[in-house]
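> Take this structure, written in structure tokens, and hold onto it; I'll ask about it next.
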Amino acid sequence: MTSAVASLIWVSGIVAWCVIRYPYQRRARKFRISAHKRSLEERLLLSGATMGLVIVPALWLLTGFPESLNTTFHPVLATLGAVCMVAFLWLFQAVHRQLGRNWSITLEIREDHALVTEGLFKHIRHPMYSSFWLWATAQAMLLPNWLAGFAGLVSVAALYFGRVAREEAMMRETFGPQYDAYMNRTKRIVPWIM
Ligand code: SAH
């Protein structure tokens, strides 16, 4: 594993992410929204995630900026990063498949929204956010630059901690005791742990 190969793996991850998401994003337009919790905070968190996971690392790859924050490349660490990237992509497409028409990029409830509690959702309530943590971890291991590498983890932490409680409150408002019971028997992002 060389630094160039690691960068290529990161770029391939971004391309695969777009390919997986695009059909769901297109299809989502067809399903009407019955309630939402869109806000300025939500928009800032989503823009922050795009900055940290895509723009900042892409800028470093294209221009080398900020060169002073470059670190030593570790092939073993980068190989682990590649494994995390594959795990992210697998999980990401599986969650999309299982959430189906209930998926939204932001906090929205669709008409005829169904609460998904099986498959990946059987033990954790937020497998898509688990996948984002894997993606950001992959980035930190693949890109040997403090800013480009860690911008993803910082922005995913902001998105996750800034959103998860609001999302759960929205789901409780919509599904009531059904979601309370679901919360009681599940964890958030790591089965049986957290
Ligand atoms: N937090 C989930 C989903 C992310 S997509 C995860 O990490 O996998 C965000 C949208 O998914 C929310 O707006 C909400 O409407 C919907 N959602 C979240 N949990 C859901 C569930 N268990 N069943 C159906 N829809 C859900």
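> Once the cut-off is 12 Å, how many percent of the Cα-Cα pairs in the stretch 1-47 end up in the long-distance tail?
Cα-Cα pairs of the stretch 1-47 separated by over 12 Å account for 75 percent.
> For residue 5, project a label point 7 Å along Cα to C-beta. Then give me every residue of the stretch 54-92 with its amide nitrogen under 19 Å of that point.
What the label zone holds, given the 19 Å backbone N cut-off, is 72-87.
> Also, quick follow-up: Around residue 101, with a cut-off of 13 angstrom between Cβ atoms, what is the net charge of the other residues, counting Lys and Arg +1 and Asp and Glu -1?
Net local charge, residue 101 excluded: +4.
> With the Cα gyration tensor of the stretch 81-194 giving a ≥ b ≥ c as the square roots of its eigenvalues, does the rule (a/c under 1.5 for rounded; else a/b larger than b/c for prolate; else oblate) give rounded, prolate or oblate?
Note, shape of the stretch 81-194 comes out prolate.
> Sticking with this one: Sequence gap at least 6, Cα distance under 8 Å: using those rules, report the relative contact order of the chain to the nearest whole percent. Walk me through the intermediate numbers first.
Details: 235 pairs, mean separation 64.4, N = 194.
Dividing the mean separation by the residue count of the chain yields 33 percent.
> Taking the Cα-to-Cβ direction at residue 183 and at residue 55 and moving 7 Å from each Cα, how far apart do the two end points lie in nm?
That separation, rounded to one decimal, is 3.4 nm.
> Quick one: net charge of residue 41's neighbours, Cβ under 9 Å, K/R +1, D/E -1?
Working: positive: 43, 163, 166; negative: 42.
In short, +2.
> Tabulate in residue order the Karplus-calculated ³J(HN,Hα) for the stretch 35-46, using 6.51 cos²θ - 1.76 cosθ + 1.60 with θ = phi - 60°, rounded to whole Hz; enter x for Gly and Pro.
With the stated coefficients, the stretch 35-46 comes to 7, 8, 10, 5, 7, 5, 4, 4, 5, 5, 5, 5 Hz.
> What spacing in nm lies between the two simple spin-label points modelled at residue 94 and residue 26, each 7 Å away from Cα in the Cβ direction?
Label-label distance for residue 94 and residue 26, simple model: 2.6 nm.
> Please grab the % of Cα pairs in the stretch 3-185 that end up more than 24 Å from each other.
Working: 6833 of 16653 pairs.
Value for the stretch 3-185: 41 percent of Cα pairs lie more than 24 Å apart.
> Using the Karplus curve 6.51 cos²θ - 1.76 cosθ + 1.60 with θ = phi - 60°, what ³J(HN,Hα) values do you get for each residue of the stretch 164-173, in whole Hz, with x for Gly and Pro?
With the stated coefficients, the stretch 164-173 comes to 4, 5, 5, 5, 5, 5, 5, 5, 5, 4 Hz.
> Test of the criteria: in the stretch 1-69, which trypsin sites (Lys or Arg not before Pro) are in a DSSP loop and have at most 10 other Cβ atoms within 10 angstrom of their Cβ?
Numbers: sites: 21, 26, 27, 29, 30, 32, 37, 38, 43; in loops: 29, 30, 32, 37, 38.
Counting only loop positions with at most 10 other Cβ atoms within 10 Å, the trypsin sites (Lys or Arg not before Pro) in the stretch 1-69 are 29, 30, 32.
> Evaluate Rg over Rh across the stretch 1-85, taking Cα atoms for both radii and Kirkwood's formula for Rh.
Value, to two decimals: 1.08.
> So what's the net charge close to residue 183: Lys and Arg +1, Asp and Glu -1, counting the other residues with Cβ under 10 Å from its Cβ?
Local net charge: +3.
> How high is the FRET efficiency between residue 47 and residue 123 when r is their beta carbon distance and R₀ equals 25 Å, given to the nearest 0.05?
0.20
None of the figures in this text is laboratory data; all of them are computed from the coordinates on show. Everything numeric here is computed off the predicted structure, so don't read it as measured data. Note: ideal-geometry Cβ built from the backbone for every residue, glycine included; neighbour counts use all protein chains shown.
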